[in-house]
Amino acid sequence: MGAMCGRYSIAVEATEIEERFQAQFEAPMNPRYNAAPSQRLPIILNAEPAKIIFAQWGIMPEWVSRLSKKGGLINVRFETLRDRRTFRADLKMRRCLVPSDGFYEWKTVVGGKKLPFRITPKDGKLFAFAGLWEEEPKIGEQTRRFAIITTAANELMKPIHARMPVILTEENERAWMETDSTDIQGLLEVLGKPVPSGTLNAFPVSSKVNAPKNDFPELLQRE
């Protein structure tokens, strides 16, 4: 909870996702009303833009393994991509789209209590977060993992949380996924600005969303 972007949903029919992103699922998909770190969730790799694959949420760079972060790194800050070389190879070669229909964030109120909010596009359409992916070699298989990129909150999000995920416009999705793109500066410009506040809704939801084991349609409803 409250880890910049630690929960989201992708709870529409698989065919709707395929149509929106012009890609096909490699395996059947179950709706996720409360997608949580370490789960296997649908993403689209820049290396295979016609496929929707399942990858584990949380990348494991070597230095993260040394810190004993079991689930890996679920978010990467835009500022880190801009200012440090840590993820430069990922940014250049391993970008992905993370399809979603909304995300959750927790607002800290008096007494330290955290209240969950759901944030969705006003037009109700599917969208994608900007993500990075990595491949973790294991005996006999390749395990793909991903992280969601975050940026500073827009005006709508600021009262809830100081950060928000990078939501790509359809135009920016194409720029983000161009496999031959080596214009790092151009890619960073795509990520630098949060989506306008006027394009999103935010409303309180049930605290049942706090527990990852809860994964049902009622979580999407206004509390």
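The values are calculated or read from the model by the stated rules, or taken from the named source; none is laboratory data. For clarity, every value in this text was computed on a predicted model and none was experimentally measured. For neighbour counting, all protein chains shown are included, and Cβ atoms are generated from backbone atoms with ideal geometry for every residue, glycine included.
Within the bounds of the stretch 105-114, is there any residue that is hydrophobic (A, V, I, L, M, F, W, C), surrounded by 23 or more Cβ atoms within 10 Å (Cβ to Cβ) and at pLDDT 95 or above? Within the stretch 105-114, not a single residue is hydrophobic (A, V, I, L, M, F, W, C), surrounded by 23 or more Cβ atoms within 10 Å (Cβ to Cβ) and at pLDDT 95 or above. Filter the stretch 30-62 down to the residues that are of a type in the set (A, V, I, L, M), in a loop (DSSP other than H, G, I, E, B) and crowded, with 18+ Cβ neighbours inside 10 Å and list them by number. Of everything in the stretch 30-62, those that are of a type in the set (A, V, I, L, M), in a loop (DSSP other than H, G, I, E, B) and crowded, with 18+ Cβ neighbours inside 10 Å turn out to be 36, 60.
None of 148, 139 is surrounded by 14 or more Cβ atoms within 10 Å (Cβ to Cβ) and either touching a Cys at 6+ places or on another chain (Cβ under 9 Å) or modelled with pLDDT under 90 (or both) except 148.
Suppose we filter the stretch 61-81 for residues that are modelled with pLDDT under 85 and either on the phi < 0 side of the Ramachandran plot or touching a Phe, Trp or Tyr at 6+ places or on another chain (Cβ under 7 Å) (or both); how many remain? Qualifying residue count, the stretch 61-81: 10. Checked against (1) modelled with pLDDT under 90; (2) in a helix (DSSP H, G or I); (3) under 17 Å from the mean Cα position of the chain (by Cα), residue 2 passes all but a single condition, namely (2). In this entry, residue 191 is excluded by the filter for residues that are in contact with an Asp or Glu (Cβ under 9 Å, 6 or more places away or on another chain) and in contact (Cβ under 8 Å) with a residue 24 or more places away in the chain. Does residue 47 satisfy the criteria of being at pLDDT below 95, aliphatic (A, V, I, L, M) and farther than 15 Å from residue 148 by Cβ? Yes; evaluated as a whole, the condition is true for this residue.
For residue 155, the test of being within 17 Å of the chain's Cα centre (by Cα) and surrounded by fewer than 21 Cβ atoms within 10 Å (Cβ to Cβ) is failed.
For the stretch 5-19, the tally of residues that are under 17 Å from the mean Cα position of the chain (by Cα) and modelled with pLDDT of 95 or more stands at 7. Scanning the stretch 150-174 for residues that are out of contact with any strand residue (DSSP E or B) (no Cβ under 7 Å at 6 or more places or on another chain) and of a type in the set (Lys, Arg) gives 158, 174.
Residues in the stretch 173-212 that are part of a loop (DSSP other than H, G, I, E, B) and within 19 Å of the chain's Cα centre (by Cα): 178, 193, 194, 195, 196, 211, 212.
The condition of being farther than 22 Å from residue 22 by Cα, buried (at least 19 other Cβ atoms within 10 Å of the Cβ) and out of contact with any Pro (no Cβ under 9 Å at 6 or more places or on another chain) holds for only one of 132, 91, that being 91.
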